[in-house]
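The values are calculated or read from the model by the stated rules, or taken from the named source; none is laboratory data. Quick caveat, the model's predicted, so the values are computed rather than measured. Cβ placement follows ideal geometry from the backbone for every residue including glycine, while neighbour counts extend to all protein chains displayed. All accessible areas refer to the heavy atoms of the entire protein, side chains included, with ligands and DNA or RNA removed. Shrake-Rupley method; radii C 1.70, N 1.55, O 1.52, S 1.80 Å.
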Amino acid sequence: MGEFNRLLVSGLRLASLLVVMLWSASALAQSPELGPSEASGGPEVRALWSDGHELLLAGGRQAIRLYDQSGAETVSAAVEPEVFVDADGTRAVGGVLAVFAAADGRLVSWRPGEVSEERVPLLEGDELVAVVVDASGTVYAIGREQALYERGTRRWRVYPYPTRMRPLAAATSPGGQVHIVGRDGLLVRFLDGEWDRPLVPGLTPESIRAPWYDAWYSAVTETLWVRVGRDRLVELEFGEQRAVIDSELASERLLRDEGEGEGEGEGEGEGEGEDEDSGAETALRVSGAVPTREHPIPIGAPSEGEAPAGFTAITGVSSAAGDRVVMTAGDRVWLWDRGRFVLIGRDIGLVHDLALDGGEGVAWVASRAGLERVPLVAISKEQADQPLAESDQKLLERLRRREAWQLRKADGPRFFWMPTIRLDNGVVFPLGAEPVAGYSLELSAGAMLQPLNKERGPTLWVWPELAYRYETHPSRGGHLFDLGVGVGFGTHIIAAFYRPRLVLGGIDRNTGDGPAVYGLRHGLALEAVWGIVGLEVSHQYLGSNEGALNDIRLGLSINLAPLIWIGILWATIPTNE
């Protein structure tokens, strides 16, 4: 099966390459004025998108250009928009899709072998600042002031902003949750027509007031990375977002009142196009706090001729080991890896966009000088050999110790255990004594142990237990203590046990000076659901200064420990009330 999967993937890649080559030949024949010869002249690129492995697409002046992994232009196709503001794409089940957006609402979609153009139904006075695409191929165009525009299957829907917003960029999760960032510390999320504003505690006042220029979302770690101001990288762990609390609901009402106040007296704009569907719900709610970390980028003081802070970009690659984030700041390219910044590029200048080829380990920077290739390695040996900070060294040491402990634990036996707090009500039948029966009450504590069995079939059980027993028979009653280890076989649902125990205690007489006794008690027990209900028949032999004493005991027991555990779980399960 593994060899078949490899052959299938290789075949799909070969077919994709063939389609691209055929489209290249067709595009060159139709657009000779935009051939590969122009690549040597360094055409200005404003928007970039890469699938992270094979494709690198660039939106330039009235052209969509395809580059190979070495940075050489292979083909260009002429399009109507002259300048693009943003690009995004996806490699999903339906194939590759890349979308390039112009400020005036024109949208160019690229698929292998096909380039199409359409227009976003902008509200009057609005223009685009960003575009994102989720894993399903849904396109979200971000307006500068008025609305978000969503296109699913050939139909546009318009969602007016719930409050005054000045977006600058956006990032989306694979499931279609759009994170919008912008001026004045703007962070708003959109999903299926609903808006919410996450709380981000712990930020400095400078980051709260600064523009949030660009964002990248990691689907593996569920983390949003944002380039803030001139020299800040902000990390927001949405995977750890907590539920909203009562004190935050008051803020939600204030935000709702603010949005309603700003909407008074404003007419509803109408977009262009017959397929437009305007979203009616524009309430903005407050969602719970998101764990946030702020990382200062070590770019130093501003230098003469440094590009404005707004000309920056951010992207990254996700893995189970953590995120690697690439960004530009202070005319340089930085890599955030293993909790520290690594300088990988200098003198980049004014940056329009950024893309990452994870397979080749390079970043592509669209700057005023053209398209530049930046390897993801430190530019100086001193920086590459720079030791980690003390806090990072402590973290790595804890990770090493935990990994060593896990390896040792993996080689040792593993057990399931369930504590037992049993209340046993029984009847005792002393042999050769009158009357023939008496009441017996037993209270015991122990633990049922079972080696973990992946098949979850019947297996061996061990049950150590300590018990106190009080019996009311006139001639054999008294206070007894049991200590033993039972051995059983069965499942979590039902198991049978043989339970031998040592017995020590004393028998009460009417005079209160009964003999001390010691001996053995053993019996067969049937236990259901970790002993929640159990039935036991046992025989007891005791030696005393009055001779041997024998009796038969029948008991019905209840294990309170699982019931207490289930009650705690039930009480802590969240409800929708």
Inset, instruction - Could you list all residues from segment 57-102 that are assigned to a loop (DSSP other than H, G, I, E, B) and closer than 22 Å to residue 122 by Cα? - result: 62, 79, 80, 81, 82, 83, 84, 85, 102
Legend entry - Residue that is farthest from residue 419 (Cα to Cα), among those in segment 440-479 that are assigned to a strand (DSSP E or B) and of a type in the set (Val, Ile, Thr): 459
Inset, instruction - Among what's in segment 47-56 and is surrounded by 21 or more Cβ atoms within 10 Å (Cβ to Cβ) and not small (Gly, Ala, Ser), pick the residue that is nearest to residue 352 (Cα to Cα). - result: 48
Inset, instruction - Would you confirm whether any residue within segment 224-244 is at pLDDT below 65 and either of a type in the set (Phe, Trp, Tyr) or open to solvent by 70 Å² or more (accessible area, probe 1.4 Å) (or both)? - result: no
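Let's see how each residue does on (1) in contact with a Pro (Cβ under 8 Å, 6 or more places away or on another chain); (2) within 26 Å of residue 334 (Cα to Cα); (3) assigned by the TED database to the domain that holds residue 302:
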{"residue": "134", "(1), (2), (3)": "yes, no, yes"}
{"residue": "144", "(1), (2), (3)": "yes, no, yes"}
{"residue": "161", "(1), (2), (3)": "no, no, yes"}
{"residue": "168", "(1), (2), (3)": "yes, yes, yes"}
{"residue": "173", "(1), (2), (3)": "no, yes, yes"}
{"residue": "201", "(1), (2), (3)": "no, yes, yes"}
{"residue": "235", "(1), (2), (3)": "no, yes, yes"}
{"residue": "239", "(1), (2), (3)": "no, yes, yes"}
Inset, instruction - Assess whether residue 531 counts as being over 44 Å from the mean Cα position of the chain (by Cα), modelled with pLDDT under 95 and surrounded by 15 or more Cβ atoms within 10 Å (Cβ to Cβ). - result: no
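Residue by residue, here is whether (1) aromatic (Phe, Trp, Tyr); (2) modelled with pLDDT of 90 or more; (3) surrounded by fewer than 23 Cβ atoms within 10 Å (Cβ to Cβ) holds:
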position	(1), (2), (3)
76	no, no, no
80	no, no, yes
92	no, no, yes
103	no, yes, yes
106	no, yes, yes
117	no, yes, yes
128	no, yes, no
132	no, yes, no
136	no, no, yes
Inset, instruction - Name every residue in segment 88-138 that is within 30 Å of the chain's Cα centre (by Cα) and among the polar types (S, T, N, Q), in order of residue number. - result: 90, 136, 138
Inset, instruction - Collect the residues in segment 161-182 that are modelled with pLDDT of 90 or more and over 17 Å from residue 130 (Cβ atoms), keeping them in residue-number order. - result: 162, 163, 164
Inset, instruction - Determine whether segment 144-162 contains at least one residue that is closer than 22 Å to residue 200 by Cα and either in contact (Cβ under 8 Å) with a residue 40 or more places away in the chain or surrounded by fewer than 21 Cβ atoms within 10 Å (Cβ to Cβ) (or both). - result: yes
Legend entry - Options 451, 500: the member that is modelled with pLDDT under 90, assigned by the TED database to the domain that holds residue 545 and open to solvent by 10 Å² or more (accessible area, probe 1.4 Å): 451
Legend entry - Checklist (1) more than 41 Å from the chain's Cα centre (by Cα); (2) loosely packed, with under 15 Cβ neighbours inside 10 Å applied to residue 517, failing item: (2)
Inset, instruction - Report yes if residue 197 is surrounded by fewer than 17 Cβ atoms within 10 Å (Cβ to Cβ) and touching a strand residue (DSSP E or B) at 6+ places or on another chain (Cβ under 9 Å), otherwise no. - result: no
Inset, instruction - Considering every residue within segment 357-372, establish whether at least one is surrounded by fewer than 18 Cβ atoms within 10 Å (Cβ to Cβ) and in a strand (DSSP E or B). - result: yes
